[in-house]
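I have placed the structure first, in the form of structure tokens, so that the comments after it can refer back to it.
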């Protein structure tokens, strides 16, 4: 029966693009798992060179893309769910398309299904980047995810390698007790925050619930931390990013320090959050026996994933899309925009579909006010555009300078018509708003479908 199930699923994968029903990134796996619930476990057994799983609230698509590029240029036959289909259906669809020589799996996995996927894949390496508040109506409170991840880690065999962001107290806590841990984080940097943001999620000790003391704050609740009450502190770093330079909205560079070695890492990806992503991929590559210099060279050759600082040329203008699906992600993007030397043409898109989270109250935890002085023009879109408009009005932004277009088509027209020649326009969309915006550009022949993306 399982062979028939795979045949049916492969037929769906073949027909989906032809019938313009998507790229076949999830539907084949959904059908396959209905017919053969153990298909993931069976198919993953053929991945003899390893099964790497990457999970986080923010950054998992980018980190998966970077690591896949490293594997590709190191001549390791790999497969990955590069389209971002990170539920079990997407994992199954990816495995269904496995070629005979592809022996290394690199999978982005949704936070909620991570424990189940890790068990079914029998993951050999698990990369944990961060945990932030996101889609509360789907995930519940952050503590629920932390609890589930810790329980998952406690059941892992000693042979499983954990690559953990030590700057996140929740992840450091969850990894306690597992012997095979590789910790990464940031060394001293001038780009740290002065205080914990009001929207930070985990600034209390995960053991004793007392406030954590920070020597350095990087993003949200992450940084160099310790609890003066129970003694829990950031683990020693096996891989540290030092001498960090953020080059506006274009790129980053830093030294990756590990053991008695160091390697210069450069990436055409902006922002402190991408320092974490690049460092995580670099550290994981070493666990795959890839030489540091080769990993570094591959990181430099990586282009942004769809919707993740993706740049699209439209007429004489450049659209730069920066996914902003939760308070921490949005605030990180705003910090990146502050590095831009000129005033900005800004468009923020907000939807409340299931994949976004129905509750959009999180926009009140985004510090939009910090960039008011840099905004040259402001266009708001998505089916909750008026919620955004209200947020900006209460923040003190001039109501007369707010342009609202719920229609994505009208929004694109307005952006192109209202901005000067040779403008760079920054788009900050929630997840489904990003897909709708890109789909509008695809329909106009201005970019590729996201599932057709190459590394």
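The values are calculated or read from the model by the stated rules, or taken from the named source; none is laboratory data. Values in this document were obtained by computation on a predicted structure and should not be read as measured data. A quick note on method: Cβ atoms are made from the backbone with ideal geometry, for glycine too, and the neighbour counts reach across all protein chains shown.
Filter region 199-213 down to the residues that are surrounded by fewer than 21 Cβ atoms within 10 Å (Cβ to Cβ) and either under 22 Å from the mean Cα position of the chain (by Cα) or not in a loop (DSSP other than H, G, I, E, B) (or both) and list them by number.
Listed by number, the residues that qualify are 199, 203, 204, 211, 213.
Tell me, please, whether a residue that is in a loop (DSSP other than H, G, I, E, B), at pLDDT 95 or above and crowded, with 23+ Cβ neighbours inside 10 Å can be found in region 327-340.
no
When region 231-267 is examined, which residues are found to be in contact with a helix residue (DSSP H, G or I) (Cβ under 7 Å, 6 or more places away or on another chain), more than 29 Å from residue 124 (Cα to Cα) and either free of Cβ contacts under 8 Å to residues at least 60 places away in the same chain or outside the structural domain of residue 166 (by TED's automatic domain parsing) (or both)?
Within region 231-267, 244, 252 meet the criteria.
Only one of (1) surrounded by fewer than 17 Cβ atoms within 10 Å (Cβ to Cβ); (2) touching a residue at least 40 places away in the same chain (Cβ under 8 Å); (3) in contact with a helix residue (DSSP H, G or I) (Cβ under 8 Å, 6 or more places away or on another chain); (4) farther than 29 Å from residue 359 by Cα fails for residue 188. Which number is that?
Just one mismatch for residue 188, condition (3).
Do we have any residue at all in region 406-426 that's under 28 Å from residue 197 (Cβ atoms) and surrounded by 19 or more Cβ atoms within 10 Å (Cβ to Cβ)? Let's see the steps before the verdict.
To start, the set of residues in region 406-426 that are under 28 Å from residue 197 (Cβ atoms) comprises 424-426.
Cutting the leftovers down to surrounded by 19 or more Cβ atoms within 10 Å (Cβ to Cβ) gives us 425-426.
The answer is yes; a qualifying residue exists.
Considering only region 268-284, I want to know if a residue exists there that is part of a strand (DSSP E or B), closer than 30 Å to residue 418 by Cβ and free of Cβ contacts under 8 Å to residues at least 40 places away in the same chain.
First, pick out the residues of region 268-284 that are part of a strand (DSSP E or B): none.
No; the residues of region 268-284 include none that is part of a strand (DSSP E or B), closer than 30 Å to residue 418 by Cβ and free of Cβ contacts under 8 Å to residues at least 40 places away in the same chain.
For residue 121, state whether it is closer than 20 Å to residue 273 by Cβ and surrounded by 20 or more Cβ atoms within 10 Å (Cβ to Cβ). If you could, list the steps in order and put the result at the bottom.
On the way: closer than 20 Å to residue 273 by Cβ: no; surrounded by 20 or more Cβ atoms within 10 Å (Cβ to Cβ): yes.
When the stated conditions are applied, residue 121 does not pass them.
Rundown of residues vs (1) out of contact with any helix residue (DSSP H, G or I) (no Cβ under 7 Å at 6 or more places or on another chain); (2) assigned to a loop (DSSP other than H, G, I, E, B), yes/no style:
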{"site": "410", "(1), (2)": "yes, no"}
{"site": "416", "(1), (2)": "yes, no"}
{"site": "421", "(1), (2)": "yes, yes"}
{"site": "437", "(1), (2)": "no, no"}
{"site": "447", "(1), (2)": "no, yes"}
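Restricting attention to region 309-317, does a residue exist that is within 21 Å of residue 64 (Cβ to Cβ), modelled with pLDDT of 95 or more and either assigned to a helix (DSSP H, G or I) or within 16 Å of the chain's Cα centre (by Cα) (or both)?
yes
Test each condition in (1) in contact with a helix residue (DSSP H, G or I) (Cβ under 7 Å, 6 or more places away or on another chain); (2) in contact (Cβ under 8 Å) with a residue 60 or more places away in the chain; (3) part of a helix (DSSP H, G or I); (4) over 27 Å from residue 447 (Cα atoms) for residue 358 and report the one that comes out false.
Evaluating residue 358 over (1) in contact with a helix residue (DSSP H, G or I) (Cβ under 7 Å, 6 or more places away or on another chain); (2) in contact (Cβ under 8 Å) with a residue 60 or more places away in the chain; (3) part of a helix (DSSP H, G or I); (4) over 27 Å from residue 447 (Cα atoms) leaves (3) as the failure.
For region 437-455, what are the residues that are farther than 26 Å from residue 97 by Cα and either outside the structural domain of residue 329 (by TED's automatic domain parsing) or surrounded by fewer than 20 Cβ atoms within 10 Å (Cβ to Cβ) (or both)? Reasoning before the result, please.
Initially, region 437-455 is screened for residues farther than 26 Å from residue 97 by Cα, giving 437, 440-441, 443-446.
Result: 440, 441, 443, 444, 445, 446.
So residue 86 ticks every box in (1) outside the structural domain of residue 142 (by TED's automatic domain parsing); (2) free of Cβ contacts under 8 Å to residues at least 40 places away in the same chain; (3) surrounded by 24 or more Cβ atoms within 10 Å (Cβ to Cβ) but one. Which box is left unticked?
(1)
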